[in-house]
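The values are calculated or read from the model by the stated rules, or taken from the named source; none is laboratory data. Computed from a predicted model, the values in this text were never measured in an experiment. Neighbour counts are summed over all protein chains in view; Cβ atoms, including those assigned to glycine, are modelled from backbone coordinates with ideal geometry.
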Amino acid sequence: MAAAAAPTQLEAELYYLIARFLQSGPCKKSAQVLVEELEEYQLIPRRLDWQGKEHRRSFEDLVSEVSL
């Protein structure tokens with residue numbers, strides 16, 4: 001399948017919040033499928049290193065960063 005266009009900041013945050021909401025309730029399978037698709041289609045915001053280079057990250061990496 002073709003790669004999806006990069007989501008806006010608002011869309012990326014919304015995907016994150018929906019996935020976290022699903023993970024916290026009874027819809028664990030739906031949450032897992034969403035997380036897999038977010039990673040597959042690279043809809044998770046990339047991280048920047050100290051040199052300003054972008055790197056892919058997993059959903060769990062994002063959760064860890066947001067939870068700090």
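Here are some notes:
- Search result, residues across region 1-15 that are part of a loop (DSSP other than H, G, I, E, B) and loosely packed, with under 11 Cβ neighbours inside 10 Å: Met1, Ala2, Ala3, Ala5, Thr8
- Residues in region 16-68 that are touching a residue at least 24 places away in the same chain (Cβ under 8 Å), more than 9 Å from the chain's Cα centre (by Cα) and surrounded by 14 or more Cβ atoms within 10 Å (Cβ to Cβ): Arg20, Tyr41.
- Checking region 45-56 against the condition returns no match, with no residue being touching a Ser or Thr at 6+ places or on another chain (Cβ under 9 Å), modelled with pLDDT of 90 or more and not aromatic (Phe, Trp, Tyr).
- When region 16-49 is filtered for residues that are of a type in the set (Gly, Ala, Ser) and in a helix (DSSP H, G or I), the ones remaining, listed by number, are Ala19, Ser30, Ala31.
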